[in-house]
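> My questions will all concern the structure given below.
The values are calculated or read from the model by the stated rules, or taken from the named source; none is laboratory data. Small disclaimer: the values here were computed from a predicted structure and weren't measured. Here the Cβ is made from the backbone with ideal geometry for all residues, glycine too, and neighbour counts use every protein chain on show.
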Amino acid sequence: MKEIVNECGSFFVNFFGVLKDFKCKEDNIYKPLPFMAASYVKDEKFLEKLVIPEGVTAIPAGAFDGYRVFTCLTFPDSLRKIGDENGGAFRFGSFRTIDLPQNLNYLANGSFLFSDISSVCFADGMDAHIMNECVRQFKNHTSYCYLKYPHEKICKLPPPAHKTMELKNECGSFFTDDFGTLMRFVCAPENNASECPPEVTKDLYNLCIPEGVTVLLGDAFEGYTVRVRFELPQSLKILGTSSGAFIRCALPEVRIPAGLKILGRGAFIHSTIRELWYPNTWGYSRYFKESKIGKLHLPINSEFNEAFLRTLKSNNVIADEVLTDMKA
C-alpha cells in the first residue's frame, strides 16, 4: 500500500493506483462561520476542498459517499475510472465545483447519484462519448448543475438509451428511467378535473406519486392544480434540480418525505399550499419563495425553526398560521 499526501490529507492506493482509503487533514475539515458555530457538529466528511492527487487511477464505489466539499473537487490527469460495477463513488454528496480530467475513460452509472452540485467543468480533449455520459448523469441524477462543455461535441452524439418503466396508480401512469427519475406523467381519465385531454391536463383531483420514483426534475409539475389529495413517496431523494418541480402550483396538504436528500432551489415557488408539513432540515424558506401557505407545521424544538421563520419575509412567503407541532 502506498500513501500519497497533499494539502487535503492522505490517500492510500494499491500497486495499480486504485484508491483504498482516505484520511483527511485536521485543517481541511470545514470550519463554520461564527454565527453558525454554536449549532455546528464536527464531521470529517465536511471538507474545505478535495484534491485527488496524481497517482490515483481509480476511485471505487462508495469511496466518498456522503461527502460535502465547500469549494472544489479536483481530479488528477492520472485518473481513468470513477466508480465500478458496484456503483458510484460520490453519491449523496455536495460539491460546489467539479473539474473532470481529460483522461477519464470510465464513469460508473450513478457516479454522482443524488448529489448537490453547482457546476462541472470538462477538460479540453476529453473523450466525447465519456463526456456525453457525464452530461446525461449530471442532468438526470444531480441537483441544479451548471455544465461547462463544448456544445458541438454533445449535439453530434445520439442520446443514450434509457430503460423506461411505467408505474401506475389511480392517478395515472408515471414513466421513469432505471434510476427512478420521472420522465413523463399521463393522467388517468377519471382523475382529470378539466375538459382538456388527459395527456395535457394540469388540473387533477389527486396527485399521488408512487413509490419507486426517486427524482423529480425541475418543472416536472409546473402549473398543476391538485384539488383533493397530494402525496410524495418515501423513495423520493431529489425534488427539483435546476428549478423547482412544483412552480406556480395549487396544492392541498404537502408532506416532505423524511428521506429526501436534495430540495432544489425554488421547489415550490409562486405556489399556494393549503397545509404544509415541513421537516425543516434545511432551515430556509427560499424553496417556497413568493408562495402562500395556509397552515405551516414545523418540528418541535428544531434548531432550524428560527432561521426558517426569519427568512419568510425576505422571500415574500405568507403563512397564515404557524405551528411547531411536528414530532421527530
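> For the subset of the range 48-68 comprising residues that are modelled with pLDDT of 90 or more and either outside the structural domain of Glu26 (by TED's automatic domain parsing) or not in a loop (DSSP other than H, G, I, E, B) (or both), which member is nearest to Ile262 (Cα to Cα)?
Filtering first and then ranking leaves Leu50.
> Tell me, please, whether a residue that is in a strand (DSSP E or B) and among the hydrophobic types (A, V, I, L, M, F, W, C) can be found in the range 191-203. Spell out the reasoning first.
Our first condition is that a residue be in a strand (DSSP E or B); within the range 191-203, this holds for 192, 203.
In the following step, the residues that additionally are among the hydrophobic types (A, V, I, L, M, F, W, C) were identified as none.
Looking through the range 191-203, none of the residues is in a strand (DSSP E or B) and among the hydrophobic types (A, V, I, L, M, F, W, C).
> May I ask you to verify whether Glu222 is in a loop (DSSP other than H, G, I, E, B), out of contact with any strand residue (DSSP E or B) (no Cβ under 6 Å at 6 or more places or on another chain) and on the phi < 0 side of the Ramachandran plot? Outline the logic, then answer.
On the way: in a loop (DSSP other than H, G, I, E, B): yes; out of contact with any strand residue (DSSP E or B) (no Cβ under 6 Å at 6 or more places or on another chain): yes; on the phi < 0 side of the Ramachandran plot: yes.
Answer is yes for this residue.
> I would also like to ask the following. From the set of residues in the range 75-100 that are part of a loop (DSSP other than H, G, I, E, B) and out of contact with any strand residue (DSSP E or B) (no Cβ under 9 Å at 6 or more places or on another chain), which is surrounded by the fewest Cβ atoms within 10 Å (Cβ to Cβ)? Spell out how you get there, then give the answer.
First, the residues of the range 75-100 that are part of a loop (DSSP other than H, G, I, E, B): 75-80, 83, 85-86, 88-93.
If we keep only those that are out of contact with any strand residue (DSSP E or B) (no Cβ under 9 Å at 6 or more places or on another chain) too, we end up with 77-78, 85-86.
On the way: Asp77: 11, Ser78: 15, Glu85: 8, Asn86: 10.
Filtering first and then ranking leaves Glu85.
> Could you tell me which residue of the range 194-233 is farthest from Gly244 (Cα to Cα), considering only residues that are small (Gly, Ala, Ser) and crowded, with 17+ Cβ neighbours inside 10 Å? Lay out the reasoning, then the answer.
At the first step, the residues of the range 194-233 found to be small (Gly, Ala, Ser) are 194, 212, 218, 220, 223.
Checking the rest, the ones that are also crowded, with 17+ Cβ neighbours inside 10 Å come to 218, 220.
On the way: Gly218: 5, Ala220: 8 Å.
The selected residue is Ala220.
> Go through (1) in contact with a strand residue (DSSP E or B) (Cβ under 6 Å, 6 or more places away or on another chain); (2) farther than 25 Å from Glu275 by Cα; (3) surrounded by 15 or more Cβ atoms within 10 Å (Cβ to Cβ); (4) modelled with pLDDT of 75 or more one by one and return the number of the condition Thr164 breaks.
Answer for Thr164: the failing condition is (3).
> Also, I was wondering about something else. Report whether or not Cys187 is buried (at least 16 other Cβ atoms within 10 Å of the Cβ), out of contact with any His (no Cβ under 7 Å at 6 or more places or on another chain), without any contact (Cβ under 8 Å) to a residue 24 or more places away in the chain and farther than 26 Å from Ser118 by Cα. Give the derivation first.
Numbers: buried (at least 16 other Cβ atoms within 10 Å of the Cβ): yes; out of contact with any His (no Cβ under 7 Å at 6 or more places or on another chain): yes; without any contact (Cβ under 8 Å) to a residue 24 or more places away in the chain: yes; farther than 26 Å from Ser118 by Cα: yes.
Judged against the criteria, Cys187 is a match.
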